[in-house]
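Asker: Below you'll find the structure I mean.
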Amino acid sequence: MARFLVRRILQGILVMLLVTLLVFGIFFLGGNANTVATRLAGRNATPQTIALVAKRLHLNQSVPLQYWDFLEQLVWHHNLGYSYFHEQPVGSVLKQAAPITLSLALGAAVIWLILGVLSGVLSAVKRGRIIDRAITTLALFFYSFPTFVLGLMLLFLVSYQLQKRGIRIFPGQGYVYFSASPTKWFESLVLPWITLALVSAATYTRLTRGSLLEVMGEDYIRTARAKGLSERRVVFRHGLRSALTPVASQFGIDVGVLVGGAVVTEQVFGMPGLGYTAVQSINNGDLPVIIGIVIVASAAVIVANILVDLVYAVLDPRVRLH
Amino acid sequence: MALLEVKNLKVTFPTDDGLVQAVRGVSFSVDRGKTLGIVGESGSGKSVSTQTIMGLTRGAQVEGEAFFQGEDLLKMARRQLQAIRGRDVGMIFQDPLSSLHPYYRVGWQIVELIRAHDRAISKKAARQRAVELLRLVGIPRPDVRVNDYPHQFSGGMRQRAMIAMAMALNPALLIADEPTTALDVTVQAQVLRVIGRLQEEFGTAVIMITHDLGVIAETADDVVVMYAGAVMEAADRDSIFYDHHHPYTEGLMRSLPAYGDDRQRLTPIGGTPPSLITLPSGCKFHPRCPYVMDRCRAEEPELEPVEQRYWHTSACWLPHSGPGRQEASERVYGEAATR
Ligand SMILES: Nc1ncnc2c1ncn2[C@@H]1O[C@H](COP(=O)(O)OP(=O)(O)OP(=O)(O)O)[C@@H](O)[C@H]1O
Ligand code: SF4
Ligand SMILES: [Mg+2]
């Protein structure tokens, strides 16, 4: 088990290295020191800034040395570079954006997991009945529903309509930091959470339903029934326990991806998280921030994958003990 | 009164391809402490019949009666049947690996059954009981192995654990659905011995489902021979082996390696079992029967006593008494084929 974990972590590090190599290749290669520096310095950079960038990043050195420098900054100094657009280190820019995305992603994830798994179980247990059809149809509906349309609809139907009647609970736009006001933080997140959760829950409904239906055909489910257990216990303790394994791995990956930025939701609700910042940076030609987000997002996915493996091992003794 | 009496059980599965007539009017009974063997080829409805009376088949249309200790299992409220499952009727199945939950410890699974029926018993006491049970079925160092997961057990040990679980609450009836099919020969014998010993000790009745006549010979008091969802012949074990009437039973015996002459000729029954959706007319065995007559294609025979013995019945148009049956056999298999 420990050995397995070490191997997975080493693999993760290797993948991360490949990511940095790719990022470096895309953004630092092609052109002489001056063009690269211009690229990194942003749209309205003065010649002085460009010269400074070239000097700071040693762009006149050989390519391997440049890469080594890039890595060294990243690993030893946790330095993601400097945003000449924001006139701040990239790290600081991301530090402001990350909590927003994290709040959004984790909150929504909890909601969609509960929603998806419960509706999936209900659907599977009532297979072929009206309630199953209703859930399956609804899941398909939300699955194919564009996130921004759902977000805008919620904005209009909930936020706007309430505000028209003088009720200002869901602000609709912007984000309030938890440290500023926990209740306002919560209010600012409710609609984005619902948007993100509804769109993603559908996948989990279908995944749970399919997985549970398959498991319920297993011999050990027949044994559980033959033992005289209640049907509820058979479904939740015996069926769902196994059915959750594929759900858990999907969940880890989805959350990992989402931590890199919930681009559309953040846009619709005007929340300056990582996704929002990424789009903004593209518009502004703020390359260092884009590089930073790519690296952070990749790291999130890799960490999520390792966590998924861990969860697998916790769930399944056959993995744990070998 | 019999412990279990199944009367005219019919089980039909509606499928996309049509109605699957898995069980078509099966009757049998099991007495306390006795063993009933149910034998028949794959797909003859052995598992479906026994699982249906315990309420374990889903999506089936069920008709008939199944009296267990005087009450009809098929008309019972769900909760009541649930209470009987595991407590009064234990079950073990063919594949002991897939029958145990891979994610839970063996001991936990036994404790779960005990506590499902007896809320009053403490976890500790239930665990103690689980250890005892594992010892009873011959698991070495049961106090340690009780914490193992199923995959840490060998095939034979898993089936013993299943037996321990099924016998945990000392049920009146044990349904063993091909308990040895997935095991190798030496382990098979061990598992059968364990069942036999527990049966003797606790006076449990057993339904032994198998397609292995060797298992029947070793364990059964009475035998039901099934084909295409119906009983072809039913009798005490000796009559089934040495005085059978039905050509299908005869065919099964002939497929045994040691049957008949010393050349050990193997004669498997030709052909394959019929589709349960479009069954043949008349006697369901007629497409494969060496004795087939015109009447067999037109009319389906019912179970009738052989030689006026009410405990020996056969569903076949061949004569049920007198020398007619024996003569037919000599015609088909030749003089040498004495029954
Ligand atoms: N849920 C179901 N839906 C449709 N058909 C089914 C279903 N369950 C069982 N059957 C059919 O019923 C028939 C009888 O099956 P059953 O499992 O009782 O056979 P069996 O005698 O136990 O055979 P085996 O020796 O292979 O276990 C088979 O043809 C099977 O395909
Ligand atoms: S009824 Fe006819 S076909 Fe059927 S088993 Fe008897 S002899 Fe054979
Ligand atoms: Mg079977």
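The values are calculated or read from the model by the stated rules, or taken from the named source; none is laboratory data. Everything numeric here is computed off the predicted structure, so don't read it as measured data. Ideal geometry is used to build each Cβ from the backbone, glycine not excepted, and the neighbour counts take in all protein chains shown. Ligands, DNA and RNA are excluded from the accessible area calculation, which covers all protein heavy atoms including side chains. Shrake-Rupley method; radii C 1.70, N 1.55, O 1.52, S 1.80 Å.
Asker: Within 10 Å of each Cβ of B:8-16, how many other protein chain Cβ atoms are there on average? Display every interim value, and only then the final one.
Answerer: On the way: counts 0, 0, 0, 0, 0, 0, 0, 0, 0.
Counting other chains' Cβ atoms within 10 Å and averaging over B:8-16 gives 0.
Asker: If you don't mind, another one. For the range A:1-85, state which trypsin sites (Lys or Arg not before Pro) are in a DSSP loop and have at most 16 other beta carbons lying within 10 Å of their beta carbon.
Answerer: Counting only loop positions with at most 16 other Cβ atoms within 10 Å, the trypsin sites (Lys or Arg not before Pro) in the range A:1-85 are A:Arg43.
Asker: Something else about it: Would you mind pulling out the separation of the Cα centroids of the range B:14-74 and the range A:6-66, in Å?
Answerer: After rounding, the separation between the Cα centres reads 73 Å.
Asker: With a ≥ b ≥ c the root eigenvalues of the C-alpha gyration tensor of the range A:190-308, is it rounded (a/c under 1.5), prolate (a/b larger than b/c) or oblate?
Answerer: prolate
Asker: How high is the FRET efficiency between A:Leu118 and A:Gln73 when r is their beta carbon distance and R₀ equals 45 Å, given to the nearest 0.05?
Answerer: 0.45
Asker: Hydropathy first: keep DSSP H helices in chain B averaging at least -1.0 on Kyte-Doolittle, then drop any whose Cα extent along the axis falls short of 15 Å, and list what survives. Spell out each step's value before the answer.
Answerer: Values: long enough: B:106-117 (18 Å, 0.58); B:123-136 (19 Å, -0.52); B:155-166 (16 Å, 0.19); B:185-202 (26 Å, 0.33).
Passing helices, by number: B:106-117, B:123-136, B:155-166, B:185-202.
Asker: What's the FRET efficiency of A:Leu140 with A:Ile306 using the Cβ-Cβ distance as r and R₀ = 35 Å, to the nearest 0.05?
Answerer: Given R0 = 35 Å and the Cβ-Cβ separation, E is 0.60.
Asker: Next up: Sequence neighbours fewer than 8 away in the same chain don't count; with that in mind, list the aspartates and glutamates whose C-alpha is under 12 Å from B:Lys284.
Answerer: Those aspartates and glutamates meeting the cut-off are B:Glu299, B:Glu300, B:Glu302.
Asker: Count the DSSP beta bridges whose two residues both fall in the protein assembly as shown, then state the antiparallel fraction as a percent rounded to the nearest 5.
Answerer: Beta bridges within the protein assembly as shown, antiparallel portion: roughly 65 percent.
Asker: Sticking with the crude label model, points 7 Å out along Cα→Cβ, report the distance from B:Asp143 to A:Val110 in nm, one decimal please.
Answerer: 4.5 nm
Asker: Related question: Percent relative contact order of the range A:1-65, based on C-alpha pairs within less than 8 angstrom and at least six residues apart?
Answerer: Computed value for the range A:1-65: 22 percent relative contact order.
Asker: While we're on this one: For chain A, find the longest principal axis of its Cα atoms and tell me its angle to the long axis of helix A:182-215, 0 to 90°, nearest 10.
Answerer: Helix A:182-215 sits roughly 50 degrees off the main axis of chain A.
Asker: Take each of the peptides A:217-229, B:275-287, average the number of other beta-carbon atoms within 10 Å over its residues, and list them starting from the highest.
Answerer: Result, highest mean first: A:217-229, B:275-287.
Asker: Rounded if a/c is under 1.5, else prolate if a/b beats b/c, else oblate: with a ≥ b ≥ c from the C-alpha gyration tensor eigenvalues square-rooted, which is chain B? Intermediate values should be presented prior to the final figure.
Answerer: Values: a/c = 2.16, a/b = 1.68, b/c = 1.28.
Prolate, since a/c reaches 1.5 and a/b exceeds b/c.
Asker: Additional query: Per residue, what volume in Å³ does the Cα convex hull of the range B:71-223 take up?
Answerer: Measuring per residue, one finds 121 Å³ for the Cα hull of the range B:71-223.
Asker: Summing -39500 (n - 2.57) over the DSSP H runs of n ≥ 4 in the protein assembly as shown and dividing by its residue number, what mean residue ellipticity at 222 nm do you reach, to the nearest 500 deg cm²/dmol?
Answerer: After summing the helix terms and dividing by residue count, I get -16500 deg cm²/dmol.
Asker: Mind checking the per residue accessible area of the protein assembly as shown for me, 1.4 Å probe, whole number of Å²? List each step's numbers first, then the result.
Answerer: Working: 31470 Å² over 661 residues.
For the protein assembly as shown, the per-residue accessible area is 48 Å².
Asker: Pull out a ≥ b ≥ c, the square roots of the eigenvalues of the alpha-carbon gyration tensor of chain A, then state rounded if a/c is under 1.5, prolate if not and a/b is larger than b/c, and oblate in the remaining case.
Answerer: oblate
Asker: Given N residues in the range A:2-79, what is Rg(Cα) / (2.2 N^0.38 Å)?
Answerer: 1.35
Asker: With labels modelled as points extended 7 Å from the Cα through the Cβ direction, what inter-label distance (nm, one decimal) is found for B:Phe202 paired with A:Leu157?
Answerer: Each label point lies 7 Å from its Cα, and together they span 5.7 nm.
Asker: Of B:Lys34/B:Lys124; A:Lys227/B:Lys124; A:Lys227/B:Lys123; A:Lys227/B:Lys7; A:Lys55/A:Lys95; A:Lys164/A:Lys184, which pairs sit farther than 22 Å apart, going by alpha carbon to alpha carbon? Intermediate results must be reported in sequence, preceding the final value.
Answerer: Working: B:Lys34/B:Lys124 34 Å; A:Lys227/B:Lys124 20 Å; A:Lys227/B:Lys123 17 Å; A:Lys227/B:Lys7 25 Å; A:Lys55/A:Lys95 26 Å; A:Lys164/A:Lys184 19 Å.
In this structure, B:Lys34/B:Lys124; A:Lys227/B:Lys7; A:Lys55/A:Lys95 lie more than 22 Å apart at Cα.
Asker: What distance in nm separates the two pseudo spin-label positions at B:Ala120 and A:Asp219, each 7 Å out from Cα along the beta-carbon direction?
Answerer: Label-label distance for B:Ala120 and A:Asp219, simple model: 3.6 nm.
Asker: Here's another thing I want to ask about it. Accessible area of chain B with a 1.4 Å probe: how many percent of it is carbon plus sulfur?
Answerer: Working: 7420 of 15070 Å².
Carbon-and-sulfur percentage of accessible area, whole number: 49.
Asker: Rounded to the nearest Å, what's the spacing between the alpha carbon centres of the range A:138-170 and the range A:180-213? Just the number, please.
Answerer: 14 Å
Asker: With contacts defined as alpha carbon pairs under 8 Å and 6 or more residues apart, what's the relative contact order of chain B in percent? Walk me through the numbers on the way to the answer.
Answerer: Working: 646 pairs, mean separation 62.5, N = 339.
Relative contact order of chain B: 18 percent.
Asker: Over the range A:91-315, with every protein chain in place, what whole percent of the accessible area is carbon and sulfur at 1.4 Å, could you tell me?
Answerer: With neighbouring chains kept in place, the figure for the range A:91-315 is 69 percent.
Asker: Let me ask something else about it. By how many degrees, between 0 and 90 and to the nearest 10, does the Cα long axis of helix A:130-143 differ from the longest principal axis of chain A?
Answerer: It works out to around 10 degrees.
Asker: Additional query: Quote the accessible area belonging to B:Met232 in square angstrom, nearest 10, computed with a 1.4 Å probe and with ligands, DNA and RNA left uncounted.
Answerer: 10 Å²
Asker: Total accessible area buried between chains B and A, 1.4 Å probe, in Å² to the nearest 100?
Answerer: Counting both chains, the buried surface is close to 2500 Å².
Asker: While we're on this one: Could you name every residue in the range A:219-234 that has 40 Å² or more less accessible surface in the full protein assembly than in its own chain alone (probe 1.4 Å, ligands and nucleic acids excluded)?
Answerer: Those residues are A:Asp219, A:Tyr220, A:Arg222, A:Thr223, A:Arg225, A:Ala226, A:Lys227, A:Gly228, A:Leu229, A:Glu231.
Asker: Find how much the distance from A:Arg3 to A:Lys126 grows on full extension, using 0.36 nm per residue of separation minus their present alpha carbon separation; answer in nm with one decimal.
Answerer: Values: separation 123, 0.36 × 123 = 44.28 nm, distance 4.27 nm.
This chain segment gains 40.0 nm when fully extended.
Asker: Using 1/(1 + (r/R0)^6) with R0 = 41 angstrom and r between the beta carbons of B:Tyr310 and B:Ala189, what's the FRET efficiency to the nearest 0.05?
Answerer: The calculated FRET efficiency here is 0.75.
Asker: Next up: Just subtract the alpha-carbon distance of A:Val63 and A:Arg318 from 0.36 nm times their residue separation and send over the number in nm, one decimal.
Answerer: Contour length minus Cα-Cα distance gives 87.1 nm.
Asker: On to the next question. Over what distance in Å are the Cα centres of the range B:153-169 and the range A:230-279 separated?
Answerer: 40 Å
Asker: Report, largest value first, the span of the C-alpha coordinates of the protein assembly as shown along each principal axis, in whole Å.
Answerer: Over the protein assembly as shown, Cα extents along the principal axes are 118, 62, 56 Å.
Asker: Moving on. Which of the listed residues, B:Leu36, A:Thr20, B:Gly156, is farthest toward the dipole's positive end in the protein assembly as shown, when Lys, Arg count +1 and Asp, Glu count -1 at the beta-carbon?
Answerer: Selected residue: A:Thr20.
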